[in-house]
Every structure is written in structure tokens, then in C-alpha cells.
Amino acid sequence: MKFGSLADMHIHTEYSHDCDTSLVSVKHAARKHDMMVAIADHNEIRGVLAARAMRIPVIPAIEVTTKKLHDYLLYFETVEDLKTFFSKHVKPRKDPGKIWGSRTTITDEELVEVAHEHNAFISLAHPYCPLPKRSANIPKPVLRKVDAIEVMNFAMSPKANQKAALLCDSNKKVYTAGSDSHHPSTLGAVTMRAWGETPQEFLTEVRQGTPLVVGAPRKTKDVLDKVAQFLAYKATH
């Protein structure tokens with residue numbers, strides 16, 4: 001008997017500027033853990049499109065970094081909705097900038113407005129990420145329009161995840177959670193469990209706030225190791 005489905009709601013692939021995880025690795029992990037994946041590459045959707053062609057059970061998503069370096073996870077019911085949103089609002093507004101390698105010129109206020117116009121489900125990513133990318137600092141009017149907050153992220157410290165959960169509860173938002181994997185070894189480290197058997201059904205339950213968070217946050221030492229791995233990657237690319 002199957003007790004629901006699992007989904008890692010935040011992973012990255014080789015199409016993100018700071019990641020080299022192949023889609024073959026993603027497909028292997030999805031089979032191994034019997035889970036769906038939300039590929040949320042940084043300001044990019046090629047990973048989602050390629051995953052669909054490879055028959056990976058993918059929830060269409062993207063992680064958009066705004067002009068002020070705040071990160072948002074946007075989830076879509078269909079790949080077509082994601083493609084339309086990306087081509088109209090993200091692709092023309094990419095700005096590599098000088099910090100963290102990838103961002104857009106979109107303001108926080110603009111992003112939540114246009115995302116909802118395309119029926120996107122908006123989650124504030126790792127709100128207590130170290131500066132400069134601390135999404136918890138978004139304006140309050142923008143926070144009111146966000147649908148969810150990522151309360152467990154495998155790349156964040158336990159304290160950061162606890163603060164994210166408090167922010168979520170105090171603002172009566174829906175939970176999301178994911179590994180934020182940038183390496184095959186962490187795919188599926190944090191997942192959500194729901195009854196939906198397809199990506200669309202699963203996302204519907206996430207919107208309703210019914211899934212459970214499954215997994216454990218990293219220890220502080222692991223977070224520091226991840227920073228070291230990222231710096232080593234950037235030094236060779």
C-alpha cells in the first residue's frame with residue numbers, strides 16, 4: 001500500500017549558474033526515492049523542459065532573484081504557464097550583476113503581481129539565508145501577497161529554518177520545503193508528502209496547505225561545508 005507521494009520542492013540542475021547536477025542524476029534520484037521534483041533553476045527553465053522530455057516527474061518551477069537579491073520560488077500548474085511567464089517577464093530582464101552570478105532587474109513588487117497573473121504559487125525561498133540574499137527583508141506589502149514560505153531548506157542552518165517557520169506561522173502562510181540541492185548527494189534530503197499522484201495534483205495540495213514536511217535540516221557544520229563547496233566551484237568556472 002502506498003502512503004502518499006513525495007516531492008522535493010526545491011532542486012537545481014546544471015542549468016543553474018552555481019550547479020553541475022545532471023538531469024540523469026535527477027532521474028536516478030527520483031526513481032530511487034520514488035519522488036517528484038520541482039526543478040527551480042535560477043532564473044532559468046531549460047532544466048524543467050529537458051526533464052519533461054526525459055519523463056522525469058517534474059513540478060514546473062523557477063527560482064527568481066529580484067533586483068534587490070531576494071529569492072522567490074514560483075510553481076506552475078503546467079509547463080506552458082511557466083514558459084509563458086519566463087519568456088514574458090524573466091528572460092528579457094536577466095541581469096548577471098556582480099553578486100552571486102545571477103539575478104533579474106524585476107522588483108519584488110512587480111514579481112508578485114505578474115506571477116499571480118500567470119496563476120503561479122509563490123513561496124519565499126530560504127528567508128533567513130545569509131546576507132546579501134536575505135528574503136525575509138522584503139517589504140511587508142509584498143510579504144502579504146506571497147502564498148507560502150519555505151520553512152525547511154537543507155542548505156540552511158537549523159536556526160534559520162526555525163526562524164522561517166515562525167515567520168510563516170505568524171503571517172499565516174502555507175509551508176513549502178525542499179533540499180535546495182546543488183549536488184546529486186542531497187537530492188531528496190528534504191521532501192513534502194501528499195496524496196496527489198501527479199505533479200499537478202501534488203501542487204494543488206501544496207496550495208491548500210495539506211502536505212507534511214519530511215526530512216531534517218543540516219547541521220551548522222554541513223552548511224559551512226556547502227559554502228566551501230560553492231566557493232570551490234566558482235573558482236573553477
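The values are calculated or read from the model by the stated rules, or taken from the named source; none is laboratory data. Remember, it's a predicted structure, so these values are computed and weren't measured experimentally. Please note: Cβ atoms are built from the backbone with ideal geometry, for glycine as well, and neighbour counts cover all protein chains shown.
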* To do: Identify the residue in segment 15-26 that is surrounded by fewer than 17 Cβ atoms within 10 Å (Cβ to Cβ) and at pLDDT 95 or above and, among all such residues, is farthest from Glu197 (Cα to Cα).
  => Ser22
* Of the conditions (1) within 20 Å of Ser179 (Cβ to Cβ); (2) of a type in the set (D, E, K, R); (3) modelled with pLDDT under 95, Asp71 clears all except one; give me its number. => (3)
* Determine, yes or no, whether Thr78 is hydroxyl-bearing (Ser, Thr, Tyr), farther than 17 Å from Glu201 by Cα and at pLDDT 95 or above. => no
* To do: Determine if segment 123-146 includes at least one residue that is closer than 24 Å to Ile106 by Cα and touching a Cys at 6+ places or on another chain (Cβ under 7 Å).
  => yes
* Test set (1) surrounded by fewer than 17 Cβ atoms within 10 Å (Cβ to Cβ); (2) under 16 Å from the mean Cα position of the chain (by Cα); (3) of a type in the set (Val, Ile, Thr) - Ile11 fails condition number -> (1)
* Asked: Can you find even one residue in segment 72-79 that is free of Cβ contacts under 8 Å to residues at least 24 places away in the same chain, surrounded by 14 or more Cβ atoms within 10 Å (Cβ to Cβ) and in contact with a Ser or Thr (Cβ under 9 Å, 6 or more places away or on another chain)?
  -> no
* **Residues of segment 28-51 satisfying the condition of being surrounded by fewer than 17 Cβ atoms within 10 Å (Cβ to Cβ) and over 17 Å from Glu80 (Cα atoms)** => His28, Arg31, Lys32, His33, Asp34
* Asked: Taking segment 125-144 as the search range and keeping residues that are under 24 Å from Asp8 (Cβ atoms) and outside any helix (DSSP H, G or I), which one is farthest from the chain's Cα centre (by Cα)?
  -> Pro130
* Which condition breaks for Phe86 when tested against (1) touching a helix residue (DSSP H, G or I) at 6+ places or on another chain (Cβ under 7 Å); (2) over 30 Å from Lys159 (Cα atoms); (3) buried (at least 21 other Cβ atoms within 10 Å of the Cβ); (4) in contact (Cβ under 8 Å) with a residue 40 or more places away in the chain? -> (1)
